[in-house]
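Down below is the structure, laid out as structure tokens.
The values are calculated or read from the model by the stated rules, or taken from the named source; none is laboratory data. If you're wondering where the values come from, they're calculated on a predicted model, not measured in any experiment. Because the Cβ atoms are built from the backbone with ideal geometry, glycine has one as well, and the counts that use them run over all protein chains shown.
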Amino acid sequence: MSSAVIILTTLGESADGVALARTLVDERLAACVNVLPPMASVYRWKETVEHEREQQLVIKTTSDRVARIEGLFREQHPYELPEFIVLDASASVSYLQWLHESVAET
């Protein structure tokens, strides 16, 4: 059985984070995606310090879906180099069961 993971990514404030979240859930790549309210992000990009308003997506899925999500990001994510941070996660037995059922192929 694959393990639980959380993937973090950001989108610009004006991007449709809910649409990306819906795609991930509809395609059974994620069990749940939280789209957090806009925040300030300060980062270095191409030798310049940038300051932008962004929204954070917290994607709950399984380790066997990571490569497919990364592929989807290459095709659909609006950023040239999207944040793609994968964190190993522990969860209750019942939550893990729901997570696996939610991403299982039908």
Note on residue 25: of the conditions (1) over 24 Å from residue 98 (Cβ atoms); (2) assigned to a helix (DSSP H, G or I), unmet is (1)
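Quick grid of which residues meet (1) farther than 17 Å from residue 73 by Cα; (2) part of a strand (DSSP E or B); (3) among the small types (Gly, Ala, Ser); (4) under 15 Å from the mean Cα position of the chain (by Cα):
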residue	(1), (2), (3), (4)
8	no, yes, no, yes
15	no, no, yes, yes
29	no, no, no, yes
37	yes, no, no, yes
40	yes, yes, yes, no
Counted residues in segment 84-97 being within 13 Å of residue 2 (Cα to Cα), surrounded by fewer than 15 Cβ atoms within 10 Å (Cβ to Cβ) and touching a residue at least 60 places away in the same chain (Cβ under 8 Å) come to 3
Item to complete: With respect to residue 72, determine if the residue is in contact with a helix residue (DSSP H, G or I) (Cβ under 9 Å, 6 or more places away or on another chain), assigned to a helix (DSSP H, G or I) and among the hydrophobic types (A, V, I, L, M, F, W, C).
Response: yes
Filter segment 14-31 for residues that are surrounded by 16 or more Cβ atoms within 10 Å (Cβ to Cβ) and more than 16 Å from residue 71 (Cα to Cα); the one that is modelled with the lowest pLDDT is 15
At pLDDT 95 or above, on the phi > 0 side of the Ramachandran plot and not hydrophobic (A, V, I, L, M, F, W, C), is that true of residue 47? yes
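Any residue in segment 59-81 that is among the acidic types (Asp, Glu) and either modelled with pLDDT under 95 or more than 23 Å from residue 96 (Cα to Cα) (or both)?
If we filter segment 59-81 for residues that are among the acidic types (Asp, Glu), which is where we start, we get 64, 70, 75, 80.
Then drop every residue that is not either modelled with pLDDT under 95 or more than 23 Å from residue 96 (Cα to Cα) (or both), which leaves 75, 80.
Taking every residue of segment 59-81 in turn, at least one turns out to be among the acidic types (Asp, Glu) and either modelled with pLDDT under 95 or more than 23 Å from residue 96 (Cα to Cα) (or both).
Just to be sure I understand, how many residues within segment 46-83 are basic (Lys, Arg) and without any contact (Cβ under 8 Å) to a residue 12 or more places away in the chain?
First, the residues of segment 46-83 that are basic (Lys, Arg): 46, 53, 60, 65, 68, 74.
Now narrow it down to the ones that are without any contact (Cβ under 8 Å) to a residue 12 or more places away in the chain: 46, 74.
Going through segment 46-83 one residue at a time, the tally reaches 2.
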query = Is it fair to say residue 59 is under 20 Å from residue 36 (Cβ atoms), part of a helix (DSSP H, G or I) and either under 11 Å from the mean Cα position of the chain (by Cα) or of a type outside the set (Val, Ile, Thr) (or both)?
reply = no
Within segment 37-66, restricting to residues that are exposed (fewer than 11 other Cβ atoms within 10 Å of the Cβ) and charged (D, E, K, R), the one that is farthest from residue 86 (Cα to Cα) is 47
